[in-house]
Amino acid sequence: MSSDVALRIDLDAAPYPVTGEVSIVVVLGSGEGAGGAGCVVLHAGEGVDVTASDVSLPPPDGSGAPPTPVAHALRRNAAEGLGDQLILTLDGAPAAGATAEIRLAFSYHLPRALNGLYLSTYRDADGTERAMATTQFEPTDARHAFPCFDEPALKARHTVHLTVPAWATALSNMPATGETALGGPGGFKRVDFAETPPMSTYLVAMVVGRLTAVRTAAGRGEGGAAPLPVSVYGTPGREGELEAAAGHASKVVPRLEGLFGVPYDLPKLDLVAIPDFAAGAMENWGLVTFRQSDLLVSGSTSTRGRKRVAVVVAHELAHMWWGDRVTPAWWDDIWLNEGFASYFEHVGGDAAAPEFGYLASIYWDTVSRALDADAAADRHALAPGALPGGDRAATIDALFDAITYSKGAGVLSMVRQVARRTHAIVDFEGVVPAFPEPADRDALITGLEGHLRAHAFGSADTGDLVGAVSASLDRAAGLERGAEGFVTPWVRQAGFPLVSVELTPHETPDGTGARVRLTQAPFTWAGPGECAEGGDGGDGGDGGDGGACPAGDCPGEPRARWPVVVPFQVFALDGDDPAGPERRPVAGPLMLASLRGCSAEFDLPFPPDVVGKGERRKLAAVFNRGRHGFFRLALDLHSMDLFGWVLQASRGVSVLAGSDFGADIAGVIDDARAAAEAGVGGAHSATRVLALARSLAQSGRVVEYSGHSAALSSALSVRERLLPVAASGGTPACAAPGPAGGPSEVDEWIAATARSFPGSAAFLRGFTGAPEGVSPRDRLVWPLMVRAAARADDGMAAAAWELMRRRLELVMEAGGSLAAVGAPGAEGYVHPDVLAEVYALGVRHGGEEALAAVRAALGAVDDAAETDTLLGSLAAASSEAGLASVLALAVEDGVVRSQDVVGLVGDVARSSPLGRQLAWEFVRTRAADIDAKVGRVGAAGAGLSSLVVRVAGGFADEARVAEVERLRAEHPDWVLESAVAKVADLVARNARWIADHAADVCDWVRRHPPGP
Ligand SMILES: [Zn+2]
């Protein structure tokens, strides 16, 4: 199939008319369009006015005869919800297999929307509003720009021609082949672009406007291919902010080309920052579009923002292979795009900005989130086999979720970890050594290369992918078949297991050895499920859907089982005194243990260096080492002690291979938090979260990104979970404000723990200079350190307010310009990494005066990042009157954009029990106003329904569920039934957490002051 589309876009005056012609050459009755040869169904959005049509059959090759016109009728599908289908009926029913050319002329106006071909505006340096045209087609919006066969498997070669104002830059997927001045009133030009390879319509893209560019080239390695031209575009004046992304792209392309063994397919690569953009970025082949904040880097970009830009660029470029070259045949396999881009973004990120250690942080940055999403009642398989809820635009959108992205990445990370030990995932029971360093070209990557070659410029489904990977893994192991039995359950079953570790020490001739027993059971927020015994693996059969309740029939707990490989590393340590000065741990190699059934047992192997030395040593082990396995661990108390012992003993020891324990520390703490939330019971109390944070401080390990982020954010989440009790009659004493509204005991404990981490002083010196001697990656802990320490430090809050007050004064004096406060060392300068913390602390401390200053600044500042930060600070107001005024602001016209309403009200709810109470009253009484501003449900999760879940889902009393039901009865169109179910689920979880843990936590905090 081929499609030739010519659009004339007038950007000089509203209403920005667009006229166009498209010519599609299609093989009749081939599945390119539905129906037989006499009937063709194609897509055109209802706003696209088709003004003329023409169908013809080309003459036989070489005959020189003119095309044969075909009489035809064209109508829109009148069925409910299908108005964007054009039905073309051909007279005389041409033979199936005949080639026909369909020509349509059409027109519309450029909409102020965020999808289709739409209008984006910005103000230039002298304040004039400027218009540009841009596209966002995924998943189903190419049809709003031009008539087409708008399904991913119906690929066509696309040729684009754009007639645009002479002043404009016009871009599309392919390079321009020519430009013709047309003259005429206003001055237009026609830009012709080269034909694309076969590609899905959702990847077609066009950008037209005043653009400035930074150009670079990506080297292509040894192959001798010419360097790839790379351009990064932004609106005029942004030149300096484009350099970072250009550098990233020029490093990511050769890295991914080398890894996949498949060159990037197109002759050029453009990246463009768009002022109005719904998502983060969009992987249009050869013309990637970005939200400005995800592409531009300036002096006021925070470290977190810099880390994000590199990884978003890497994510989109990974899609050039995963999605663009090979495309899922249908949207239910969208994890083949997003899961793969979400894994390989870490590989590309490490090439672009190695200082952030993306792959080493994949657990804390990505996998932890996936495990939380995949434990919820509405979890789904990575490849569900069909769109949950049927084939509709809304159900396609709903599948772009944390499971699709982050579990996809987590499962790939796991498979890759064991790919070089294919026997381990295929046919072994017990323990084998892994290779210590994963090679670049392992059996997984080889299989993926085969897949990318086999389906180039075509489409493929999960079955194709699993087949390619499994065959490669089997080949690497010299086996007939077996890897599929490992891979399939992980992509076809929802959920994941909780792997429990029991460790029993016993005497051996070499010292104290240990017997390990592993068991598995499904992990869900409703509590542990039951391991499905029998059969060969958990791939289907009885309960094998991991709890996705077929046909609503779910007797008791879900039953499921997974083929699990547990990576672990053994450490041998002398004697019994962990602090002994002569102690040096001996590390064994990384090992893999197989858990195919519901349980497995083995002896911990002594590291080779230890055996035969005749010394008395004892063994410790770190399970799920590096956190590559997609499961949660429940360690018994003994193995938990041994983990703490390894951390302490390995502190500062560089002789250990891979002595970075960041992911392991984050994982153990995060597992403890999750186990307490899921009511796993036994030793898994929420107090373990606090105990782990305390022992991390005592271990002497200096502040490090993953581990300390997990410790601080998990402790803060325990604090937050204590608070919903207020709504049901009383906050536990340790979480209630102290005398004169001072910090609670828990606040004091968290602050003191943060201060007791070795190296914490560097983070708490002030707000104007970055912590010295701290790597860019570890600097990401800075805002969390400030948040935790400031909970009990009024001096810090007062200093923040003083700084903020002066900063906003200077900004207002400068008429809203940030120039005067933007340079390090200037009065009013705040380091961008902690600006949000400074503003939040300032609002908390500064009361009415601070709120007034923020409101004034919001009306004057014309800087998107600063405005976001100011808005985010409002929820920190501490008085009832202050919070009420913030809520009122959310629905007033002007200050708060509709896209920010849900976030602001949700932040007020999270701020304190009082905030939650007020936010809930506000949602109940102002539902109509909120709805009028944010739009009805279905608007990308931004609607009233999601706000109801955010606010009411934080309570712990059943009465609130009844209130949500009443709200739904009053507004059935605004509050989805699923919202009621979600709130009921969350409230039950909160109530159970409080019943199980609140008293324990208060008691524990009193008995365990921070410090050594
Ligand atoms: Zn993506």
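Can you go through GLU151, GLU195, GLU179, GLU138 and tell me which one is more than 30 Å from ASP397 (Cβ to Cβ), assigned to a loop (DSSP other than H, G, I, E, B) and open to solvent by 20 Å² or more (accessible area, probe 1.4 Å)?
GLU195
Need a quick list: helices (runs of 4 or more DSSP H) entirely within segment 766-862 having at least 3 residues that are within 27 Å of ALA881 (Cβ to Cβ).
Values: elements: 776-779, 782-790, 794-813, 835-860.
Where helices (runs of 4 or more DSSP H) fall fully within segment 766-862 and carry at least 3 residues being within 27 Å of ALA881 (Cβ to Cβ), they are 782-790, 794-813, 835-860.
Which of the residues that make up segment 735-764 are hydrophobic (A, V, I, L, M, F, W, C) and surrounded by fewer than 16 Cβ atoms within 10 Å (Cβ to Cβ)? Step through it out loud before you land on a result.
Of segment 735-764, the ones hydrophobic (A, V, I, L, M, F, W, C) are 735-736, 740, 746, 749-752, 754, 757, 761-764.
Listed by number, the residues that qualify are ALA740, ALA761.
Condition test on ALA314, is it within 12 Å of the ligand (Cβ to nearest atom) and farther than 22 Å from THR135 by Cβ?
yes
Kindly establish whether ALA402 is more than 30 Å from PRO198 (Cβ to Cβ), at pLDDT below 95 and within 16 Å of the ligand (Cβ to nearest atom).
Yes: the conditions hold for ALA402.
With the requirement that a residue be at pLDDT 95 or above and either of a type in the set (Lys, Arg) or open to solvent by less than 20 Å² (accessible area, probe 1.4 Å) (or both), what does segment 213-232 give you?
Result: VAL214, ARG215, LEU228, VAL230, SER231, VAL232.
Considering segment 765-786 alone, what residues qualify as being over 26 Å from PRO354 (Cα atoms) and open to solvent by 40 Å² or more (accessible area, probe 1.4 Å)?
Across segment 765-786, the qualifying residue is only ARG765.
Out of (1) closer than 29 Å to LEU642 by Cβ; (2) crowded, with 18+ Cβ neighbours inside 10 Å, what's the single condition that is false for PRO732?
So PRO732 meets the others, but not (1).
Do we have ALA341 as open to solvent by less than 10 Å² (accessible area, probe 1.4 Å) and either in contact (Cβ under 8 Å) with a residue 40 or more places away in the chain or more than 13 Å from the ligand (Cβ to nearest atom) (or both) here?
Spelling it out, ALA341 is indeed open to solvent by less than 10 Å² (accessible area, probe 1.4 Å) and either in contact (Cβ under 8 Å) with a residue 40 or more places away in the chain or more than 13 Å from the ligand (Cβ to nearest atom) (or both).
Would you confirm whether any residue within segment 272-282 is out of contact with any Ser or Thr (no Cβ under 7 Å at 6 or more places or on another chain), away from the ligand (no atom under 11 Å from the Cβ) and among the β-branched types (Val, Ile, Thr)?
No, there is no match, as no residue in segment 272-282 is out of contact with any Ser or Thr (no Cβ under 7 Å at 6 or more places or on another chain), away from the ligand (no atom under 11 Å from the Cβ) and among the β-branched types (Val, Ile, Thr).
Any residue at all in segment 375-384 that's within 12 Å of ALA409 (Cα to Cα) and more than 14 Å from the ligand (Cβ to nearest atom)?
Yes, segment 375-384 contains at least one residue that is within 12 Å of ALA409 (Cα to Cα) and more than 14 Å from the ligand (Cβ to nearest atom).
So which residues in segment 470-482 are free of Cβ contacts under 8 Å to residues at least 40 places away in the same chain, open to solvent by 10 Å² or more (accessible area, probe 1.4 Å) and assigned to a helix (DSSP H, G or I)? Don't jump to the end; show me each part of the working.
Of all residues in segment 470-482, those free of Cβ contacts under 8 Å to residues at least 40 places away in the same chain come to 470-472, 475, 478, 480-481.
Next, only the ones that are open to solvent by 10 Å² or more (accessible area, probe 1.4 Å) stay: 471, 475, 478, 480-481.
Across segment 470-482, the qualifying residues are ALA471, ARG475.
I'm checking my understanding of the structure. Among residues of segment 397-407 that are open to solvent by 10 Å² or more (accessible area, probe 1.4 Å) and part of a helix (DSSP H, G or I), which one is farthest from GLY629 (Cα to Cα)? Break it down into steps so the answer makes sense when it comes.
Narrowing segment 397-407 to residues open to solvent by 10 Å² or more (accessible area, probe 1.4 Å): 397-398, 400-402, 405.
After this cut, where a residue has to be part of a helix (DSSP H, G or I) as well, the list is 397-398, 402, 405.
Details: ASP397: 28, ALA398: 26, ALA402: 17, TYR405: 16 Å.
It comes out as ASP397.
So which of GLY463, GLY467, GLY447 is closer than 20 Å to GLY339 by Cα and without any contact (Cβ under 8 Å) to a residue 12 or more places away in the chain?
On the way: GLY467 fails: without any contact (Cβ under 8 Å) to a residue 12 or more places away in the chain; GLY447 fails: without any contact (Cβ under 8 Å) to a residue 12 or more places away in the chain.
Result: GLY463 is the single residue among GLY463, GLY467, GLY447 that is closer than 20 Å to GLY339 by Cα and without any contact (Cβ under 8 Å) to a residue 12 or more places away in the chain.
Criterion first (under 30 Å from ALA279 (Cβ atoms) and part of a strand (DSSP E or B)) does ALA125 satisfy it?
On the way: under 30 Å from ALA279 (Cβ atoms): yes; part of a strand (DSSP E or B): no.
So ALA125 does not fit the description; no.
The values are calculated or read from the model by the stated rules, or taken from the named source; none is laboratory data. What you see is a predicted model; the values in this text were computed from it and never measured. Positions of Cβ are generated from backbone atoms using ideal geometry, with glycine treated the same way; all protein chains shown enter the neighbour counts. Areas reflect the complete protein model, heavy atoms only, side chains present, ligands, DNA and RNA absent. Shrake-Rupley method; radii C 1.70, N 1.55, O 1.52, S 1.80 Å.
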